[in-house]
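A.B. asks: To start, I am sharing the structure in question, which I have written as C-alpha cells.
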Amino acid sequence: MSAKRYLFTPGPTPVPPEVLSALAEPVVHHRGPDYRALFGECLERLRAVYRTAGDVLVFTSSGTGAMESAVANLCSPGDRVVVVSAGAFGERWRALATAYGADVQAVEYEWGETPRAEDLAAKLEDAGGAKAVFLTHSETSTGVVADVQALAAAAKGSGALVVVDAVSSLGAVPLETDAWGLDVVASGSQKALMTPPGIGLVSVSEAAYAALGSSPRFYFDWERTRAGQAKLDSAFTPAVSLVRGLDVALGLLLEEGLEAAFDRHVRLGRACREGAKAMGLELFSPDEDRSAVVTAIRAPDGIDATELVRGLRDRFGITIANGQSTLKGKIFRIGHIGYFDVFDITTALAAVELVLADLGAEIERGVAVTRALEAYEERARV
C-alpha cells in the first residue's frame, strides 16, 4: 500500500474531494454555452469572495502572473512607485516593478517585522507621492499578515493607487476590496481557494482602469481580458477544468460563510502556535490571531530545519515548508489555509515532535497535540 501523503505548505494546499471530482468531468469548449454559464457563475462567486462590485479578471497563470499583470498595466517606465517589503513576496513586488522600468522606492523591514502605516506615510511624503503603492497582505515567507486596511489608508492619503498581493490571504483572513479602497488585488487558486495551481486572479477598480500605463503587454492586458469577460468569454484559451474546480471550491467557501471561514483559520492558527509553544519552540511569526495563514517556527538550537523538513517527508509523507532565502534551515513553516481542520494541525504537530526528538531536541511527546486541541476549543468558545 502506498504511503499516505500530507500537504501542510502555505501553497499549494489540499484540495477537497468535491473539487477533485469536478476536475475529472469532461472538458467543455471554452467558446460554448456550457462554459459561459460556468464562467458567469464563477465570476459572481469571485466578486462575493473579493467583496467587490467591480471586475475580477481571470488568467491562466500563477499568482505571480496576476501580480505581473498589475505592474504591466499600471506602470510606465519611470513611474514612481512605493513597495512595502518585509519578506520574499514584498521583494517580488520590487523585482516586478524594477523589471518594468519603474522608479521603485521601498519601505524595507527585517524579515518577520510587521509593516506600519506611519512608515509608509512618511516614505510617501519624503518621495513626493507615488503613482501606486504595492503591498503584501500575507507574507508567507515569515507568517506575518499586515494591516492592509491601515496601509491602504496611508497610501490613499497621498493619492496613490493601492495594489495588494492577496495570493495567500484571500478567503482565509478578512479582506474588503471595496470598503478598504483597494484598487488592485492579486490572488491565485492554489491557496485558501482550495484549487490546484494555475489560475491567477486580479480585481481592478475603475480608478485603476483610468490610470493604465504604457508598458508593453499582450497576454496580461486588462482591457483585452475585461472585454472578453463582459461577454462571458476569455481572450485566450482558459484552463477550463481549473475554472470548473474553482467554481466548486468557491461554492464550498461561500456555503461555509466567509466569516465562519475566517474564524476557522484564526482557531487553526492559534492551535498551531500554542502546540509549537507547548513543545518549547520559539515562534518566528507573530503570536497574534491575525497571523492565521501560516505559522513560522524557529528550529531549536543545533537543529537544521532542512533536516526536519526532510525527516517529515521521508518518514511520514508530510510536507511542510522550509525557510526561504537567509531563513532556510533556521525556521520551518506549517500552512493552515483552505481545506484544513484541527486534526490536520495535530497530525503535523505530532510528527514534528517525533522528528525533532529523533534529531536530538528535548521534546516532551504528546504535549503539542493536547495543547493544540485545547487552544482550538478555547477559541471556539470566545
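A.B. asks: Would a scan of region 5-25 turn up a residue that is touching an Asp or Glu at 6+ places or on another chain (Cβ under 6 Å) and either in the same structural domain as residue 217 (by TED's automatic domain parsing) or not acidic (Asp, Glu) (or both)? It would help to see each step written out before you state the result.
C.D. replies: If we filter region 5-25 for residues that are touching an Asp or Glu at 6+ places or on another chain (Cβ under 6 Å), which is where we start, we get none.
No, there is no match, as no residue in region 5-25 is touching an Asp or Glu at 6+ places or on another chain (Cβ under 6 Å) and either in the same structural domain as residue 217 (by TED's automatic domain parsing) or not acidic (Asp, Glu) (or both).
A.B. asks: Which of the residues spanning region 101-136 are of a type in the set (Phe, Trp, Tyr) and surrounded by fewer than 22 Cβ atoms within 10 Å (Cβ to Cβ)?
C.D. replies: Matches in region 101-136: 109 only.
A.B. asks: If you take the residues of region 290-312 that are touching a residue at least 40 places away in the same chain (Cβ under 8 Å) and within 13 Å of residue 143 (Cα to Cα), which of them is surrounded by the fewest Cβ atoms within 10 Å (Cβ to Cβ)? Don't jump to the end; show me each part of the working.
C.D. replies: Here is the first cut: in region 290-312, the residues touching a residue at least 40 places away in the same chain (Cβ under 8 Å) are 290-296, 300, 302-303, 307-308, 311-312.
From what's left, within 13 Å of residue 143 (Cα to Cα): 290-296.
Values: 290: 16, 291: 26, 292: 28, 293: 29, 294: 30, 295: 31, 296: 29.
Of everything passing the filter in region 290-312, 290 is surrounded by the fewest Cβ atoms within 10 Å (Cβ to Cβ).
A.B. asks: A further question on this structure: Which of the following residues is farther than 30 Å from residue 156 by Cα and not β-branched (Val, Ile, Thr): 288, 223, 282?
C.D. replies: Working: 288 fails: farther than 30 Å from residue 156 by Cα; 223 fails: farther than 30 Å from residue 156 by Cα.
Selected residue: 282, the only one of 288, 223, 282 that is farther than 30 Å from residue 156 by Cα and not β-branched (Val, Ile, Thr).
A.B. asks: Another question, if that's okay. Quick check on region 1-43: of everything there that is among the polar types (S, T, N, Q) and farther than 30 Å from residue 145 by Cβ, which residue is farthest from the chain's Cα centre (by Cα)?
C.D. replies: Going through the qualifying residues, I end up with 2.
A.B. asks: Looking at region 334-349, is at least one residue in contact (Cβ under 8 Å) with a residue 40 or more places away in the chain and more than 19 Å from residue 265 (Cβ to Cβ)?
C.D. replies: Taking every residue of region 334-349 in turn, none turns out to be in contact (Cβ under 8 Å) with a residue 40 or more places away in the chain and more than 19 Å from residue 265 (Cβ to Cβ).
A.B. asks: Moving on. Please go through region 99-112 and give me each residue that is in contact with a strand residue (DSSP E or B) (Cβ under 8 Å, 6 or more places away or on another chain) and either modelled with pLDDT under 95 or over 23 Å from residue 168 (Cα atoms) (or both), ordered by number.
C.D. replies: Hits for region 99-112 are 102, 103, 104, 105.
A.B. asks: Which residue out of 20, 43, 57 is in contact with a strand residue (DSSP E or B) (Cβ under 9 Å, 6 or more places away or on another chain), touching a residue at least 24 places away in the same chain (Cβ under 8 Å), on the phi < 0 side of the Ramachandran plot and surrounded by fewer than 22 Cβ atoms within 10 Å (Cβ to Cβ)?
C.D. replies: Numbers: 20 fails: in contact with a strand residue (DSSP E or B) (Cβ under 9 Å, 6 or more places away or on another chain); 57 fails: surrounded by fewer than 22 Cβ atoms within 10 Å (Cβ to Cβ).
Criteria check complete, one pass: 43.
A.B. asks: Here's something else I'd like to know. List pairs: first residue in region 201-224 and buried (at least 17 other Cβ atoms within 10 Å of the Cβ) and of a type outside the set (Gly, Ala, Ser), second residue part of a loop (DSSP other than H, G, I, E, B) and modelled with pLDDT of 95 or more anywhere in the structure, Cβ distance under 8 angstrom, at least six positions apart or on different chains.
C.D. replies: 201/170; 201/189; 204/54; 204/183; 220/61; 222/212
A.B. asks: Within the group 261, 271, 235, 276, which residue is without any contact (Cβ under 8 Å) to a residue 24 or more places away in the chain and buried (at least 17 other Cβ atoms within 10 Å of the Cβ)?
C.D. replies: 235
A.B. asks: Of all the helices (runs of 4 or more DSSP H) wholly in region 296-382, which have at least 3 residues that are of a type in the set (Asp, Glu)? Give the derivation first.
C.D. replies: Working: elements: 305-316, 342-358, 367-381.
Passing ranges, in order: 342-358, 367-381.
A.B. asks: Yes or no: residue 170 within 19 Å of residue 19 (Cα to Cα) and of a type outside the set (Lys, Arg)?
C.D. replies: Yes.
The values are calculated or read from the model by the stated rules, or taken from the named source; none is laboratory data. Keep in mind that this is a model prediction, so the values were computed, not measured. Virtual Cβ from ideal backbone geometry, glycine too; neighbours counted across all protein chains shown.
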